[in-house]
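Every read-out reported here was derived from the displayed coordinates using simple, explicitly stated rules and does not represent laboratory data. Remember, it's a predicted structure, so these values are computed and weren't measured experimentally. Glycine also receives a Cβ, built like all others from the backbone with ideal geometry; neighbour counts cover every protein chain displayed.
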């Protein structure tokens, strides 16, 4: 009888401590450096975006945010490393169209389900695809190119920086929407693909605007159109495919920050809020634009919706086009 009150008081104290533990954890976070995994080698576009994000986030949390490059398996090695890390907010991941929205639908053995195993914190930037041709191709816009492609006795060769990449899938999207046939030529990287089109070995290419821009400015490639609903400030004179009658054609890379599933909601919300504040700063936006992408400001909820929509779009295209990668 006399022990009941102390026991009951202890239970109440413990329950209260348990209830406030997540909040306390979020309030004290971070207390040490944060690792940001980039699932590609240094120097590539995802690495560049990752380092800009690490710098911006580090300025906000007042702790070092360092990039850990984990290349391999077309991005799956680094993605899996993030997924299997402790879900405490001290390991984050730069995810992109390829690793999150495409690979899990393209390959059966990637080892992860991004919608189950990762939590979107923020989509931070987007790119956009441009369709371009060698200057000798008798087409100055997408309408004339479609007519030219249809007039050929065999499908035109089309270059992309790898089989099953966002660039390659953009070509499949064009085929579906324009009603044309192309012969896909995958290269080991966007650079060699662009070089071969500029040299006249292949007539057409789909690639990110940032990669094509130097060749467009030098007149070594001729733009047909941009796969977006609105013109892009990086290439304001290039008309959209939507303007040219191919309604709703949108294709381009996106980049986001993710945490392992199970990361406390308070930490996710705090990181999302901090990133949104940093991405609103003109200096940060300028750095991203200089890297050839457009800054995006999202919270965790809208980032989740966007990732789900992108994943379903590419999954649907991969299935309908019967895209296969060995």
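Suppose we keep just the DSSP beta bridges with both residues in region 129-226; what percent of those would be antiparallel, to 5? Write down the numbers at each step before the final one.
Details: 9 of 16 bridges.
Around 55 percent of the beta bridges assigned by DSSP in region 129-226 are antiparallel ones.
Pull up the DSSP beta bridges for the chain and report the antiparallel fraction as a percent, rounded to 5.
60
Using the Cα atoms as the points, what is the convex hull volume per residue of region 99-256 in Å³?
118
Could you give me the percent of Cα pairs per 10 Å distance bin for region 165-304, shortest bin first, beginning at zero and ending with the bin that holds the maximum distance?
Percent of Cα pairs in each bin: 10, 32, 32, 19, 7, 0.
For 188, 143, what's the fewest-to-most ordering of other Cβ within 10 Å of each Cβ?
188, 143
Just from its helices, what would the mean residue ellipticity at 222 nm be for the chain, if runs of 4 or more DSSP H residues each count -39500 (n - 2.57) and the sum is divided by every residue, rounded to the nearest 500 deg cm²/dmol?
-13500 deg cm²/dmol
For the chain, with a Gaussian network of springs between Cα atoms less than 10 Å apart, report the residue from 243, 59, 217 with the top mean-square fluctuation.
Of 243, 59, 217, the Gaussian network model singles out 217 as fluctuating most.
How high is the relative contact order of the chain, given as a whole-number percent (alpha carbon pairs under 8 Å, six or more residues apart)?
Once normalised by length, the contact order is 25 percent.
Taking the Cβ of each residue in 196, 140 as the centre, tally the other Cβ atoms inside 10 Å and list the residues starting with the fewest.
Numbers: 196 17, 140 12.
In increasing order of surrounding Cβ atoms, one gets 140, 196.
Under the 0.36 nm per residue contour assumption, what length would be gained going from the current alpha-carbon distance of residue 28 and residue 55 to full extension?
On the way: separation 27, 0.36 × 27 = 9.72 nm, distance 2.06 nm.
Roughly 7.7 nm would be gained on extension.
Taking the chain as the reference, fit the longest principal axis to its C-alpha atoms, fit the long axis of helix 166-178 to the helix C-alpha atoms, and give the angle between the two in degrees, 0 to 90, nearest 10.
60
Report relative contact order for region 129-226 in percent, whole number only (criteria: Cα-Cα under 8 Å, sequence separation at least 6).
Value for region 129-226: 46 percent.
Test of understanding: in a Gaussian network model of the chain with alpha carbons linked when under 10 Å, which of 236, 45, 265 would top the mean-square fluctuation ranking?
Per the Cα network of the chain with a 10 Å cutoff, 236 tops the list.
Once you have the Cα-Cα distance between residue 108 and residue 308, take 0.36 nm times their residue separation minus that, and quote the gain in nm to one decimal.
Taking 0.36 nm per residue and subtracting the Cα distance, the gain is 70.1 nm.
Expected output is a single nm value to one decimal: the length gained when fully extending between residue 230 and residue 63, i.e. 0.36 nm times separation in residues minus the C-alpha distance. What is it? Intermediate values should be presented prior to the final figure.
On the way: separation 167, 0.36 × 167 = 60.12 nm, distance 3.77 nm.
This chain segment gains 56.3 nm when fully extended.
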